[in-house]
Structures are given as structure tokens and as C-alpha cells.
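**Q** To start, I am sharing the structure in question, which I have written as C-alpha cells.
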Amino acid sequence: MKAMCDRFLPSKCSSSTADEKSDKSPLNGWTVIVNTASSMASGAIRRFQDRVLGPSRTGIPSTTSEICLLGVSYKISEGESSEEADAGCVLDAFRQDFSSLILMTYRRGFEPIGDTTYTSDVGWGCMLRSSQMLFAQALMIQRLGRSWRRKDSERPEEEYLESLELFGDSEASAFSIHNLILAGESYGLAAGSWVGPYAVCRSWESLTRKKREETDVKDHSCSMAVHIVSGSEDGERGGAPILCIEDVNKTCLEYSEGETEWTSVLLLVPLVLGLDKVNPRYIPSLIATFSFPQSLGILGGKPGASTYIVGVQEDKGFYLDPHDVQQVVTVNKETQDVDTSSYHCNTLRYVPLESLDPSLALGFYCRDKDDFDDFCIRATKLAGESNGAPLFTVTQSHRAGDLGIAETSSVASSAEISGGEHEDDWQLL
């Protein structure tokens, strides 16, 4: 499994210039540039990234096509929608929504990671930062709701500042890259090394479990379970990953230590949708997931240049880019006058979905059991309309079916979903 996944994993992000080890020398070329001229470093990184993702495409590709941004639809072809009337025109509402999403980028000047000398993640931390963005968005929805928007003219909410504080760049912050790397050591995470979506998803699972064990449920910084949607238990069947409802219920029960049968849950679905590039037949399904109210977008990009894809329009994906270099900022609820602008982005960037690397991960946040049931209905319907190429399937349990095809969810339609056809482009995770 590791050897197969490693096909998609370079040792560095595309902006890196040397192959260094975490226990080696203090400063490499990138660190010198960052410490002496941050803006120059950002420009150089951008040029390297453009070689991988292609020249930056900014703005809105179409002024008439519908946009879906993490479950919210902006139908710009119809002018103002009734839901966004009080926010002005639909495009302005979309831009406000986009700029309210949490941005995590390369940082410099933080305390060393573990026993290493790394005080910056420039050149290698883009996947970690992308995953932080997805996780932070789940926390923001949980604490403030999907309709929350950032307002510069008002004092920031305490829940907002508390959420950002969890992602500070030190071991004291629960979800810092320091703690993520420590929790993911068994999956190959290490300071100075680039990792893929599967490893980082498993690392978040380990980190949230660890933090849950360290604190009381009521005082826990993240009151949601993390569940990885993967293939069969024996890992030998191939085909689309299977979301087993009984497994998710077990995850929630264990997370709450038996206090409740259901908790909020973050579903992470690592996928490999082809060999050298995403197979075109999966793109319609990828686009459709952004219409799900539970959508948290995609961790994806190109090898060595991870991004966080948060929305789609036609066959283009809007993304937040972690490759800018910024100074460390200390955020907490006691410092309400702190400048949090570095955690947000006003520049709309997009990339053709067909150009993405096939190794990626989907994220979904389900607030409660009813929300999860709604997600299962939508996911089952999408799989049934996928023409034999589902992103993943839904089943009530592992007890029925063969070759990885289990009975479909009891909360969904009664039609059977076959995951046994067209498996040539799938790779085992």
C-alpha cells in the first residue's frame, strides 16, 4: 500500500529547492530568503507553483454559470437570489462568502517543530496547511454556522478567535502543524517532507483521537469525531471506498465514550481517481459534491503543490492557496484587536478540475444524525447516477454483498449500487 501511494508523493513541495532532512542544518536557501525578504520568497514560490498548477487564473470564469461554494449555490444567471437579497448582488455575496473562509498559509518564525530546527514550513507544508483549512472550516461551521460571514467593521466573535487559536503555530495549539506532524509520524509525516492526502487524513484522525483522550468531553476543543471512508477491512477488494453507517455510528459512540450514540462527525474520503490525472468520468461527481450542504471541499492539486478547493463553476475549481509566506500571528480571545486578515483571502483563484492530480481527498461535515442521514441519501443518489464510476458507495453494514458491493443504506433509496464495474482506474489506498 505504501509503495503504491508513494507513486504520487514527491519528497518536497514544488517550491522547494533542496532535499533536506529534518535533523540537518539550520538554514537552507528558502529559509534565508524567507527571513530576509518574505515578499520575494512569496513571488518565487508563486512562480514555482505556476509551473505545476499552470499560470494563476484569477477572477470568475463565467458571469452566467451557477457557482457552488461548500454547499451554498450562487445562481448568478438569475440575478439576485431571494436568499442573498440583503447582501447585494449575488456576485458580491459570493465574494463575501469566499473571503470569510479560513486561509492557512506557510508561516515563518514559529518555535521549532519537535527536535528539529524548522521554524518555517516554506517549501514542504502545503498539504498540512490545506488540511488545516478544511478542518478549520468544519470547526467554524460547528461553532458559528455555515452562514457566518466576516465583518471588518465589527469586533470578532469569541468563537472565531478561539477557532483560530487552535491552529496557532506552536505545540500549545491543539491543531498546529507541530501536533499534526507528531500525531502522523506513523503515516510518514515529518518536518521537511511532503505527504499525500491519505496520510494527512489518517493523521487528523489520530490527532483528534489523541486530543479527545487528553481532555474531558465537555471541555474538548473539538467536539466532533473524525471518520475515514476507505475500502473494505481486508483492503483487497479494490473499487470505490465504502461508507458504512454502522462504522460511523461506532466512531461516534467511541468518541463520546458511550455518552451518546451520535456526535458531530467529519468524514474524510481519500481517493485515487486515475493514474496520471483524474479520469474525466469522475469529474461530474466531484462537481456534484459541492452542492451537498455537508460539503467541505477537496484537498487536491498537483504533486508537490497542494491546495484547498472550496467551490466549482462548470469544470473549474475555486481554491485557497497555502503557498504565500506570512509571519506568525498570535491569536486568542483575549486579544480581540489582533489583525486576522492573514487568515483570509480576497483573491479568487481557479484551476481546471481535469488538471488535478488523481490523489485527493473529499471532506464532509455532518452536524447530527439527521444531517448524516441526509448526506447518505444524497451520496447514494449520486453513486447511482455515476454510470458505474462512483466516488464512494454507502452501506448499512458489511454483512451483505460480495466483491465489496454491500447493501445500500436503509435511509437511502432501495436501488442497489454496483461498485464492481469499471475499476481499472482505481488504486488501493
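The values are calculated or read from the model by the stated rules, or taken from the named source; none is laboratory data. Please read all numbers here as calculations on a predicted model, not as lab measurements. Because the Cβ atoms are built from the backbone with ideal geometry, glycine has one as well, and the counts that use them run over all protein chains shown. Protein only, heavy atoms only, side chains kept; ligands, DNA and RNA dropped before computing areas. Shrake-Rupley method; radii C 1.70, N 1.55, O 1.52, S 1.80 Å.
**Q** Hey, residue 371 hits all of (1) surrounded by fewer than 23 Cβ atoms within 10 Å (Cβ to Cβ); (2) touching a helix residue (DSSP H, G or I) at 6+ places or on another chain (Cβ under 9 Å) but one; which does it fall short on?
**A** It is condition (2) that residue 371 fails.
**Q** Would you check if residue 107 is over 17 Å from residue 203 (Cα atoms), out of contact with any Leu (no Cβ under 9 Å at 6 or more places or on another chain) and open to solvent by less than 10 Å² (accessible area, probe 1.4 Å)?
**A** Taking the combined requirement at face value, the residue satisfies it.
Here is a yes/no grid of residues against (1) closer than 21 Å to residue 364 by Cα; (2) among the basic types (Lys, Arg):
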| site | (1), (2) |
| --- | --- |
| 132 | yes, no |
| 138 | yes, no |
| 149 | yes, yes |
| 153 | no, no |
| 160 | yes, no |
| 165 | no, no |
| 170 | no, no |
| 177 | no, no |
| 180 | yes, no |
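**Q** Are there any pairs, at least 6 apart or on different chains, whose C-beta atoms fall under 8 Å, with the first in the stretch 143-168 and within 18 Å of residue 368 (Cβ to Cβ) and the second open to solvent by less than 20 Å² (accessible area, probe 1.4 Å) and part of a loop (DSSP other than H, G, I, E, B), and if so, which?
**A** Note: pairs meeting the criteria are 146/70.
**Q** Just to check your reading of the model, which residue among 353, 360 is farther than 24 Å from residue 225 by Cα and not charged (D, E, K, R)?
**A** After applying the criteria, what remains is 353.
**Q** Working carefully through the options 118, 74, find the one that is modelled with pLDDT of 90 or more, more than 27 Å from residue 324 (Cα to Cα) and hydroxyl-bearing (Ser, Thr, Tyr).
**A** 74
**Q** How many residues are surrounded by fewer than 19 Cβ atoms within 10 Å (Cβ to Cβ) and over 23 Å from residue 140 (Cβ atoms) if we restrict to the stretch 374-392?
**A** 6
**Q** Just to check your reading of the model, which residue among 293, 303 is under 19 Å from the mean Cα position of the chain (by Cα), of a type outside the set (Gly, Ala, Ser) and over 30 Å from residue 373 (Cβ atoms)?
**A** Being under 19 Å from the mean Cα position of the chain (by Cα), of a type outside the set (Gly, Ala, Ser) and over 30 Å from residue 373 (Cβ atoms) holds for just one of 293, 303, which is 303.
**Q** Next question, about the same structure. Would you mention how many residues in the stretch 185-203 are of a type outside the set (Ser, Thr, Tyr) and under 15 Å from residue 134 (Cβ atoms)?
**A** Residues meeting the conditions: 7.
**Q** Is there any pair linking a residue in the stretch 283-295 that is at negative phi to one that is among the small types (Gly, Ala, Ser), with Cβ under 6 Å and at least six apart or on different chains, and which?
**A** 285/386; 289/295; 292/71; 293/71; 295/71
**Q** If you check every pair at least six apart or on different chains, which have Cβ atoms under 8 Å apart with a residue in the stretch 232-260 that is farther than 20 Å from residue 390 by Cα and of a type in the set (Phe, Trp, Tyr) first and a residue that is at pLDDT below 90 and not in a strand (DSSP E or B) second?
**A** Every condition considered, the pairs that remain are 255/212.
Table: residues versus (1) open to solvent by 10 Å² or more (accessible area, probe 1.4 Å); (2) within 25 Å of residue 167 (Cα to Cα); (3) in contact with a Phe, Trp or Tyr (Cβ under 6 Å, 6 or more places away or on another chain).
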| site | (1), (2), (3) |
| --- | --- |
| 281 | yes, no, no |
| 293 | yes, yes, no |
| 323 | no, yes, no |
| 341 | yes, yes, no |
| 344 | yes, yes, no |
| 355 | yes, no, no |
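Matching residues to (1) more than 16 Å from the chain's Cα centre (by Cα); (2) at pLDDT 95 or above; (3) of a type outside the set (Ser, Thr, Tyr); (4) part of a helix (DSSP H, G or I):
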residue: 211; (1), (2), (3), (4): yes, no, yes, yes
residue: 217; (1), (2), (3), (4): yes, no, yes, no
residue: 227; (1), (2), (3), (4): no, yes, yes, no
residue: 236; (1), (2), (3), (4): yes, no, yes, no
residue: 239; (1), (2), (3), (4): yes, no, yes, no
residue: 253; (1), (2), (3), (4): yes, no, yes, yes
residue: 259; (1), (2), (3), (4): yes, no, yes, no
residue: 266; (1), (2), (3), (4): no, yes, yes, no
residue: 298; (1), (2), (3), (4): no, yes, yes, no
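**Q** Mind checking which residues of the stretch 147-199 are touching a helix residue (DSSP H, G or I) at 6+ places or on another chain (Cβ under 8 Å), open to solvent by less than 40 Å² (accessible area, probe 1.4 Å) and assigned to a helix (DSSP H, G or I)?
**A** Hits for the stretch 147-199 are 160, 163, 164, 177, 179, 180, 181, 183, 197, 199.
**Q** Another question about this same structure. Only one of 333, 316, 302 is among the charged types (D, E, K, R), open to solvent by 40 Å² or more (accessible area, probe 1.4 Å), in contact (Cβ under 8 Å) with a residue 40 or more places away in the chain and closer than 26 Å to residue 64 by Cβ; which?
**A** 316
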